[in-house]
Structures are given as structure tokens and as C-alpha cells.
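One structure is given below, encoded as C-alpha cells.
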Amino acid sequence: MSFLKRFAENRGALLGLVILAAIVFVALAAPVLSPTDPWATQGRPLLPPGSDFVLGTDMLGRDVLAGIIHGARISLWIGVLSTVVAVVIGVSIGALAGFFGGWVDDVLVRVVEFFQTIPSFIFAILLVAILTPGLTSIVVAIAVVTWPPIARLARSEFMSLRSREFVEAAVLSGVSRGRIMLAEVLPNAVSPLIVMGSLMIATAILTESALSFLGLGDPNRISWGYMIGAARTVFRQAWWLSVFPGLAIVLTVLAINLVGEGLNDALNPHLKGRIGLER
Amino acid sequence: MRQLGFLVGWLVKALVVVLAITILNFLLIRLAPGDPAIVMAGEAGAADERFLAQIRSDFGLDRPLLVQLGIYLKNVLTLDLGQSYRNQRAVVDMLFERLPATLLLTGSAYLFALVFGPLLGAIAAMKARTVYDSALMVVALFFYATPIFWVGLLLILVFSVQLGWLPPFGMQSLIPVEGTLARTLDILRHLILPAVTLGLFYVAVYVRLTRASMLETATLDYVKTARAKGLPEWRVATAHILRTALLPIITFAGLQAGHLVGGAIVVETVFAWPGIGRLAFDALFQRDYNLLLGVFLLSALMVVFFNMVTDILLRVADPRIGSRA
């Protein structure tokens, strides 16, 4: 059965894909869908949903819907960017460890284990606080705390592929090791890495929302976590300020998880339901 | 003898983690832009030259980097994590004061997740591909995608604001309750919402893991043998399948301990729970890095501790693990 067919037969994955596509569309079209500045006061403060504002206004009279539309950009962007960085770090380290084995492997495995013992969220908070909150520091912090599982996966893939005939043939014909790792081994290890990477985007979005909730978001960009955190003092009177941005986070993360698991079942039928949970 | 070896092994591991985190802390402060003395002073008297000179001599900031690291390591190993300049108190004292509250919260959440996750997961697996299974999996999928702080806010809205059943914040009532029993009950009432908030995400994770693990175990030969012997289905499910299927879950729970401690920061902030997480949140806002680094070190130690508990649980669940060492 082809990959597409297997993916299309998974109803959950299709549903996830539709939701995700809608969110990506909203993020891309934000300047058109909501042309006004999401930081600008639009009406009276704390208007409930309905009336002139579908999702109400916050303590400063800002439109909640506009915040959610613009917040989609930052969530997805940070999710993707930090995952790319984490995958690059993780695959490099895992590939070196798995391909070379021996003491290189020993040392790198110790490093990976250490990074898994560190309480990752607190480490991320420290990194963002010390590097001063901003897009770059958030991406760096999330990447630094999420690469270890990718490294472990890459290591085991590289380790099992290293002893295969086509790799040995390449070694015997004098191809450089760097080239073998990139051109021969990596393409064969890519599908489980894609699955884990896609699921990591969801984790990254959750982490970003928690950082922003604590007030460690990028101060120049509105985000869902920030909206909930900023409204914390009035959330008992104005439930809509925390409920709607939260729903946006849940829908996005849920959609990505569904798509990621669909990819897993379609790309690695023998690993059905295994990779995703071990993040 | 074996127990002793186990204990020594864990002490060594704890020591290595302390050492590594200490070095990491040391590097982090120097990673910050600007003068480390000013960074450490935070907003407390950063402009006061005498104060800064004091910090510089305390931490040997005018000496070579390796000497500084040596001083820092010696301080940490003698349980001297420096001063919280903002609060004018020793960091160690502040941490120990808050530790019990956090241990109570994370411990309860851990227990809650480890009981309900596998239990519901086992039900889902036994009723696989029925309505119960689907309903459980949808709920698990939902909580697996929810930010912890948002769950906390929703629970407060429903159970405190709307229904008025449980207190929305703090660890004890504002007016102190008389009597030990009454006080314990008062703390328990305050504990429910935060512990459930912190635990729900992990319940979701363990439900999914248990179900997958049990369905996989159910196809093994020894399970068929158990059925062929004529054992009732519930006994096969609990004594044969679940027991084996639990091993990867316990292992995973140990790995997740770090997340749990991290989640405590968010939950303690939402519920004004007077633990280390709340302390970290305050330290964050006062730019009190010494205190924040202390929280980091202590939470890493808590992870090591949770790992140890996990290891003990694993030995109970699978006696082979203990005898292999």
C-alpha cells in the first residue's frame, strides 16, 4: 500500500491535516484577515463575546480574535523553527555517535543522558531569562532542551544502518565518511526522524505557550500564551480571555499530533504507535 | 550488600549531576550579556559600586575563570548557594523552606498519574475497539494536547468559581484552621486542583502508553498459554498482561520526572502554591539569578530522586532487574 493511501485511510490524521491547514492559512493570511494592529485598543475593555467583537475584548480593549489570528503566526513559526534547530543538533550528535561508535559514542551518550536529566522547562526558563526574552532566545532555549530524543533516535538508526552492505560498499570504494553519512545513511534514516520531528513541533508550541504565559515571550509579538498570562488577574470575571486562546493552542497541538501519528503509521507501519509517545 | 551497592550508585549519580549542573550554572551566568556581578545582583542595588565589589570578591570575579569555577564548586558542595540579594537571605534557606510544598504537589501528581493512567489504559486495552476505548482515547488525546496552565485555569473556573467546591489558590485557608486533622484536611482540599492539573497530562500519556503496551503484550505466547490454561480473562489481563506491560511505563515515568518538576513551576504560579516553582516565578521577575540557579540545581536533584524511586518501583515490578545487577 502506498504512503498516501495509508495516510488517507487514517481518519484522525486527515482531520488533523484539515485543522492544521486551516490554522496555517489563518497564520499566513493574518494581515489580510485582521488588518489592524492586535496590540491596539479597539473598543471598551472587557466586552464579553458577541456584540461588536466575536470573541470579546481584553482589559485594554484589544480585540481577542485579532490576537488569536496574529498569535497563530508566532506559535507555528517558533514551533517549526525550534524543531528544525533541535533536529539539526540532534541528528548531528546522534549520527556521530551511531556511526563512529566506540569512545565517541560513549562520550556523546553521556552528554545526551545528562541533558535528559536536566529539568528541561526550568533550563529553558533560565536560558530565555538570561539571554533576554525574544524570538531568538526562545527558539534557542526550546531547541536546546528538546534535541536529546532526536539524538537517541538518530543514533540507533545510524548504528543499525552502518553495518549494512551498501554502507560497507561505499566505505570500500573510498567514499569519505562525511559523504557516506550524508548521502548514504541519512536518506535511509529519514522517515522516523520526520515523524519525531513533526511531533516535536507540537511539544515546542506547548513549551512556547508556557514560556509566554510566564511572561517570557517575545515582547514585540502577540502570542496565545501571552494572552492567557496577561489576563490571569481578571480571568474569573472574563473567562473568554483565557478560554479562547487556550482552545487555539489545544486545536493546533492536537492537529499536529494527529498528523504526526498518521505519518508514523503510514511511513513506519512496523513502528505503529511507538515513536510519538517517547518524547 | 546489593542494597548498599544500589545506594552508592545513586549517590555517585547524584554527585555527578550536581557537579555538571553547577558547571552549567557557572557557564550560564557568564553567558549573560554584561558584567556577571551586575547579573547576579539583579535589580537589587546594581548601581551600588560597593555592593558590586562585594559580589566580585565573594565569587572571585576578578580572578582567572578556573579559579572562579573552583570557588563556585566549593561553595555549592558546602551547601552555600549564595545570597538572594533581592530578599537578603541565603538561597539554601529559601529553597528548603519551599521544598516540602513542592514535594507534596509533584509527589501527589506523580502518584495520581501512575495510578489512573495505567488503570484507564488497561480498561481501554481490554475494551479495545469499543465505544469505551474510543471515548477514553479521545479524552487522552485532548489532555495530551492541552497546556498545563490552561487546564489549571479551567479547573478553577469550574470547581472554584462556578461550583465553589474547592479553594482556587494557596495551600491553606487564609484563616488558620485549628487541630492537626482539620489542618491536614484543609491542605488536602487545597491540594486536589493543583495535583490534578499537574497530573492530567501524564495520565493522558500513560493511558496511551499502557494501551499500546498491553495490546502488544497480549499477542505474546505466554499470554496464550495462560488463556489455554483456562484462567479467567480478568486474571490474564491483570496478572499476565498488565504486569509486563507496566515495565515500559514505569521506565518512562522516571524519564518524565524532569518534566513534572518543570510543570510544577507553571502549576504553582497558577494556584499560588507556596513551593519552589512559585519561588522560581518570583525570582524570574526580580531577575534574582542566584535564586533561579538554586532552583535549577535543586530541581535537578529532585529528578535524580524521582529516578531513584522509579528504579525501586521497577525492581518491585520485575524482580529480575534487581538480581541482574
**Report entry** Rounded to 10°, Cα long-axis angle of helix B:91-126 versus longest principal axis of chain B
**Finding:** 20
Query raised in the report: Taking region B:97-324, how much of its Cα-Cα pair set, in percent, is spaced more than 22 angstrom apart?
Result: 58
Requested in this report: Give the cross-link partners of residue B:127 among the lysines, using a straight C-alpha distance below 24 Å as the criterion and excluding same-chain residues fewer than 8 apart.
Outcome: A:272, B:224, B:229
Query raised in the report: Hey, what number do you get for chain A at 222 nm if only DSSP H runs of n ≥ 4 count, each worth -39500 (n - 2.57), divided across all residues, to the nearest 500?
Result: -23000 deg cm²/dmol
Query raised in the report: Regarding region A:1-158, what is the average projected area of its C-alpha convex hull, in nm²?
Result: 13.6
**Report entry** All Cα pairs of region B:141-258, percent lying beyond 17 Å
**Finding:** 68
Query raised in the report: In whole Hz, what ³J(HN,Hα) sequence does region B:11-23 give by Karplus (6.51, -1.76, 1.60; θ = phi - 60°), x for Gly and Pro?
Result: 4, 4, 4, 4, 5, 4, 5, 4, 4, 5, 5, 4, 5
Report summary line: Given the candidates B:181, B:292, B:274, the one whose Cα lies deepest towards the positive end of the charge dipole of region B:97-324, counting +1 at each Lys or Arg C-beta and -1 at each Asp or Glu C-beta, is B:181
Requested in this report: Using only Cα atoms, tell me the angle between helix A:186-213 and the longest principal axis of chain A; keep it within 0 to 90° and round to the nearest 10.
Outcome: 30
**Report entry** Shielding by other protein chains, A:243-255, mean Cβ within 10 Å
**Finding:** 3
Query raised in the report: Using DSSP loop states and a limit of at most 14 other Cβ atoms within 10 Å to flag GluC sites (Glu not before Pro), what is the longest stretch of chain B containing no flagged site?
Result: B:179-325
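Could you work out the mean count of beta carbons from other protein chains within 10 Å of each residue's beta carbon in B:255-262?
The mean count of partner-chain Cβ atoms within 10 Å per residue comes to 5.
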Requested in this report: Measure nothing but the geometry: give the 0 to 90° angle between the long axis through the Cα atoms of B:276-285 and the longest principal axis through the Cα atoms of chain B, rounded to 10°.
Outcome: 40
**Report entry** Buried on assembly, region B:109-158 (at least 40 Å² less accessible surface than by itself, 1.4 Å probe)
**Finding:** B:141, B:144, B:145, B:147, B:149, B:150, B:153, B:157
Query raised in the report: Given a 1.4 Å probe, how much area per residue of region B:97-324 is accessible, in Å²?
Result: 43
Report task. Could I have the simple spin-label model distance between residue B:97 and residue A:172, label points 7 Å from Cα toward Cβ, reported in nm to one decimal? Result -> 7.2
**Report entry** Signed unit charges on C-beta, dipole axis of the protein assembly as shown, positive-most listed residue B:194, B:67, B:137
**Finding:** B:137
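With +1 on the Cβ of every Lys and Arg and -1 on the Cβ of every Asp and Glu, and nothing else charged, how large is the dipole of the protein assembly as shown about its Cα centre, in debye rounded to the nearest 20?
1420
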Requested in this report: Arrange the residues B:220, A:108 by how much accessible surface each exposes, largest first, with a 1.4 angstrom probe.
Outcome: B:220, A:108
Query raised in the report: So which lysines pass the test for residue B:74, namely a Cα distance under 21 Å, with those fewer than 8 places away in the same chain ruled out?
Result: B:13
Requested in this report: Find which of A:166, A:128, A:200 sits farthest along the positive direction of the dipole of region A:2-278, computed with +1 on the beta-carbon of Lys and Arg, -1 on that of Asp and Glu, about the Cα centre.
Outcome: A:200
Query raised in the report: What shape does the protein assembly as shown have by the C-alpha gyration tensor, where a ≥ b ≥ c are the square roots of the eigenvalues, rounded means a/c under 1.5, and otherwise prolate means a/b greater than b/c and oblate the rest?
Result: rounded
Query raised in the report: Taking the Cα centre of chain A as the origin, how large is its charge dipole in debye, to the nearest 20, when only Lys and Arg (+1) and Asp and Glu (-1) carry charge on their Cβ atoms?
Result: 160
**Report entry** Segment residue B:172-residue B:231, extension gain: residue separation times 0.36 nm, minus the distance between their alpha carbons
**Finding:** 16.3 nm
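The values are calculated or read from the model by the stated rules, or taken from the named source; none is laboratory data. Since the model is a prediction, treat every value here as computed from it, not as a measurement. Heads up, the Cβs are rebuilt from the backbone with ideal geometry, glycines too, and the neighbour counts pull from every protein chain shown. Heavy atoms of the whole protein, side chains included, go into the accessibility calculation; ligands, DNA and RNA do not. Shrake-Rupley method; radii C 1.70, N 1.55, O 1.52, S 1.80 Å.
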